[in-house]
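Written below as C-alpha cells is the structure these notes are about.
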Amino acid sequence: MKNLTSIFFLTALFVSSVAFSQTYKNEKTENEKTGEAQAVTPELFKSLGIDNSPNPKNATLTDNTVFIRQIGEGNRAAINTDTNASEINLVQNGVQNGADLDYTANTIFTDVRQNGNYNFVKDFVYDRNVDAALELTQEGGNYFERFGTNDLTKSLKFKQTENSPDIIIRSYQ
C-alpha cells in the first residue's frame, strides 16, 4: 500500500508539472528587432531631444579658458586642449562626478553641468579643422561619451536624465 501511495503522488506531481509547463517561443515583432542599422539624421537627434545645430559661440572665441567649479567630495576632472581658441566650463555639484575632456581642434566650446552623484563624461575630439561644441547637463548616475566628430555630432546640446542613463557616440568621417 505504501508503494501504491508513493506511485500515486509521483504520478500526480509529474502530470501537474507537465500540465502547467510553458514552452518559450522566441518571436520578435517589428518593434522588438535589434541590431538593424538605422540612418542617423538631424531629425533623429531632434526626436531624441538633442540639438545638433552649429553653436554660434564658437565664432566668438578668441582665447583658451577653462573654468572648473566642484562642490562635493570625490569629484575629478582631467582636461587637455590643443586648440586655437576654447572655452570650457565644468560644474560638478555632487559626489563622485568625473570628466575626461581631450580636445585637438580649431575651436571648442564646452559647458558641462553635473548635478547629483556618479555622473561621468568623456569627450574626445581629434580634428584640427573642426569647430566643436558640447552643452550637457547630467542629473545623476549618467554616462556620456563622444569619440570623434562629424557633421552630425560636432555640436551637441541636451539634458541627460535617468531616461537616458548611458549615451555613447562614435563619430567617423
Report task. May I ask you to list pairs of residues, at least six apart or on different chains, whose Cβ atoms are under 6 Å apart, with the first in region 54-70 being within 19 Å of GLN114 (Cβ to Cβ) and in a strand (DSSP E or B) and the second being modelled with pLDDT of 95 or more and of a type in the set (Gly, Ala, Ser)? Result -> ILE68/ALA77
Query raised in the report: Residues that are over 15 Å from the mean Cα position of the chain (by Cα): which strands (runs of 3 or more DSSP E) entirely in region 91-173 hold 2 or more of them?
Result: 98-115, 120-138
Query raised in the report: Is it the case that some residue within region 112-130 is surrounded by 15 or more Cβ atoms within 10 Å (Cβ to Cβ), basic (Lys, Arg) and at pLDDT 95 or above?
Result: yes
Query raised in the report: Does ASN80 qualify as being surrounded by fewer than 15 Cβ atoms within 10 Å (Cβ to Cβ) and either aliphatic (A, V, I, L, M) or not in a strand (DSSP E or B) (or both)?
Result: no
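The values are calculated or read from the model by the stated rules, or taken from the named source; none is laboratory data. Here the structure is a predicted model, which is why all the values come from computation and not from measurement. Neighbour counts are summed over all protein chains in view; Cβ atoms, including those assigned to glycine, are modelled from backbone coordinates with ideal geometry.
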